[in-house]
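Undergrad: Here's a structure for you.
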Amino acid sequence: MMRTPRGGRLFLATCLGSLFVLVLYFQSITKPEPGVKTGSRPVKSRSSPLQTLYLGDQQLELLAVQRSLQGRRELMEQACLSHTKKRRVLSSEDLKHLIVDDKHSLIYCYVPKVACTNWKRVLMVLTSGGHYTDPLAIPAHEAHIAGNLRTLSEFSVPEINHRLRTYLKFIFVREPFERLVSAYRNKFTRSYNTAFHKRYGTKIIRRYRPNPEPEALRKGNDVSFHEFVQYLVDPLTRREEPFNEHWEQVHSLCHPCLIHYDVVGKYETLEPDAQAVLHLAGVEGTLQFPTSGKSTRTDGNMAASFFKHISPFYQKKLFNLYRMDFLLFNYSTPEYLRT
Ligand SMILES: *[C@@H]1O[C@H](CO)[C@@H](O)[C@H](O)[C@H]1NC(C)=O
């Protein structure tokens, strides 16, 4: 593929801009800035979430949780070192999924299908200055309105660097194929999701279904999981446009090898992990993470039944597509795979 001169200049401009972000950020990623110490007994000011995490927390009975969080962090760093060849630089485009809470010094990278609606609700409560108090009182669609929360991409380069250095950065992840099947079920098997049917379903059926019915072509509302998989692994798909965020790899949404997340929470242990974050943020007493009534964590084997009808050829391609997410977040290769 040829790059047009215009594209080249743009690319260069992006690189130069983002170089600043990266360089300044990397100067001090290793340790958080310690709080200012004065000779006299310090006024009882709360330490930031980042300081609480790294400098310890005496009254913390969350030590076991903390250790496991540290293990995940180290594993991720190691996976980044062994599997990324070239260091790319951050651009502000890369920071669109990072939600900022200036009041509590938090940065959260949201990943769709990993309790992100509830995290957005919580962050709306935290940043609303008292306007909201109950996360669940916020309608789901409101939590997703762009502009209700600030993202890191909206800030200037020095402001970005300052926040990356001093805020607690966290992310919640999920077994990649469980997340994928959850996205498929939510976007393609529910009759109300007509926007996704029109936008993606019609295209998928046109491309991958032999002799489609005119109605299916028009509505795009009966995409099979197999057709969806064909769409995902087709190189043409990502050449046309980036994946939709519901099936984009976490690696591509949140850039965990460039942004050093302090806490990697897991959907499989959502409750204790969410509580650990709220504890670090110092709001554990005033705010509870909403866990939906339906026990989401018990259906941890949803993917197996969906993969039964996928050939080893496509299973392998799909696994390669999401391989980084498996490696970075320590998910083992599913036993049901035939590759
Ligand atoms: C990685 O996963 C394995 C197997 O599930 C587990 O035993 C191990 O503790 C995990 N490591 C970390 C650092 O979480």
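The values are calculated or read from the model by the stated rules, or taken from the named source; none is laboratory data. Quantities reported herein were computed from a predicted structural model and do not represent experimental measurements. Note: ideal-geometry Cβ built from the backbone for every residue, glycine included; neighbour counts use all protein chains shown. For the accessible areas, the whole protein counts, side chains as well, though only heavy atoms, and no ligand, DNA or RNA atoms are used. Shrake-Rupley method; radii C 1.70, N 1.55, O 1.52, S 1.80 Å.
Undergrad: When CYS109 is evaluated against the numbered criteria (1) crowded, with 22+ Cβ neighbours inside 10 Å; (2) at pLDDT below 95, which criterion, by number, is the only one it fails?
TA: That leaves (2) as the condition not met.
Undergrad: Could you look through segment 281-339, keep only residues that are of a type in the set (S, T, N, Q), more than 16 Å from the ligand (Cβ to nearest atom) and touching a Lys or Arg at 6+ places or on another chain (Cβ under 7 Å), and pick out the one that is modelled with the lowest pLDDT?
TA: Among those that are of a type in the set (S, T, N, Q), more than 16 Å from the ligand (Cβ to nearest atom) and touching a Lys or Arg at 6+ places or on another chain (Cβ under 7 Å), it is THR339.
Undergrad: Looking only at residues in segment 267-292 that are in a helix (DSSP H, G or I) and open to solvent by 30 Å² or more (accessible area, probe 1.4 Å), which one is nearest to LYS169 (Cα to Cα)?
TA: The residue in question is GLN275.
Undergrad: Looking at this structure, is VAL122 at pLDDT 95 or above, of a type outside the set (Gly, Ala, Ser), open to solvent by less than 10 Å² (accessible area, probe 1.4 Å) and touching a strand residue (DSSP E or B) at 6+ places or on another chain (Cβ under 7 Å)?
TA: No: the conditions fail for VAL122.
Undergrad: Could you list all residues from segment 150-164 that are β-branched (Val, Ile, Thr) and either in a helix (DSSP H, G or I) or modelled with pLDDT under 95 (or both)?
TA: Within segment 150-164, VAL157, ILE160 qualify.
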